[in-house]
């Protein structure tokens, strides 16, 4: 079934009133139902109890009287057969109706799907004509969903994230302003710092063998892969398994703060790494190794401000709630994490800062973070 993330202005609601002390059952409108899917995802992240989203598609001929009658019959049947804790609403207003079966105890998807399909199919057969029943197509979507291992960060089931498309559509003007700020800021930075870029490139070339730029696959917004650029700060052909193992421990909350000189509170980062060159050590302390990322911003893969871009093996170690940091906004050169302690904060604290930024970002917030970044760079807090 192909689902479209169209936005309808209708807030149509259907009501089935019950007598006695029983609560009124409500069919949510499209916007409210999308919002409930988002809320239920966050509840599942905390409770670890999966939920199942069932979608019943009446077809694209929404003007058809038969289709409309079939869907109205479906809604009535669903309200009569689902639990009061289940949530019914329009996934696409007047076209696709959905039900969320929440707080599921069974981890066995096959058993759950079979049970739900049998129950709903029986209810529909009892309430619809044969012709109406044949017009309905049913699909099931579990959360937490499995992510696409080829992209290492793209949700394999976009039906579970309709609110992200709606959120993006509602912020088109702000997004355009953010993109304009990215383009103008990146061009100015490349022009102003071009002498520094050439000096760094010459220093890298003169002091160690290998390319000037370090290129690595990173995960951008919605799991899109892109080639991430930095000035090379390590020797070539080094073993990345050391960093991969440390990242797994960091995400699991098992990493310890490490100090480069034995003093201070330390950072959540590999220190005294013998893979780093002498020039590379200076570039990392001053964050000058990040400057080629202005080209990533110009190409549209990154923003000046946003979450730190994730490495594929990092995303594979994410807990479910960590995933939102790569879904909601583009990664950035700087962000709340960088100006609030950088590697001195835990991974969970970093993700919370990223989600806070995604929730409240605006062009003005980006400007404030950009103005705070030079001070963080000069002080070098958490940089190694």
Ranked by Cβ crowding within 10 angstrom, fewest neighbours first, how are 234, 199 ordered?
199, 234
Rounded, prolate or oblate (a/c below 1.5 giving rounded, otherwise prolate when a/b exceeds b/c) for the stretch 313-368 by Cα gyration tensor:
oblate
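Can you sort 93, 237, 354 from fewest to most other Cβ atoms within 10 Å of each residue's own Cβ?
Numbers: 93 20, 237 8, 354 24.
Ordered by Cβ neighbours within 10 Å, fewest first: 237, 93, 354.
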Listed peptides 171-177, 274-280 by packing density, highest first (mean Cβ within 10 Å)
274-280, 171-177
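Taking 45 Å as R0, compute the FRET efficiency from the Cβ-Cβ separation of residue 111 and residue 241 and round it to 0.05. Walk me through the intermediate numbers first.
Working: r = 39 Å, r/R0 = 0.86.
Efficiency, rounded to the nearest 0.05: 0.70.
If packing is taken as the average number of other Cβ atoms within 10 Å across a peptide's residues, how do 187-196, 136-145, 366-375, 300-309 rank, most packed first?
Working: 187-196: 11.9, 136-145: 17.2, 366-375: 15.4, 300-309: 24.0.
My ranking of the peptides, most packed first, is 300-309, 136-145, 366-375, 187-196.
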By average Cβ neighbour count within 10 Å, what is the ranking of 223-230, 120-127 from highest down?
223-230, 120-127
Fewest first, what order do 168, 322 take by the number of other Cβ atoms within 10 Å?
168, 322
For the stretch 133-233, rounded, prolate or oblate, judged on the Cα gyration tensor with a ≥ b ≥ c (square roots of eigenvalues), a/c < 1.5 rounded, else prolate if a/b > b/c?
oblate
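Bear in mind these aren't lab numbers, they're just calculated from the coordinates by the rules spelled out. Note that the coordinates shown come from a computational prediction; the quantities given were computed from them, not determined experimentally. For neighbour counting, all protein chains shown are included, and Cβ atoms are generated from backbone atoms with ideal geometry for every residue, glycine included.
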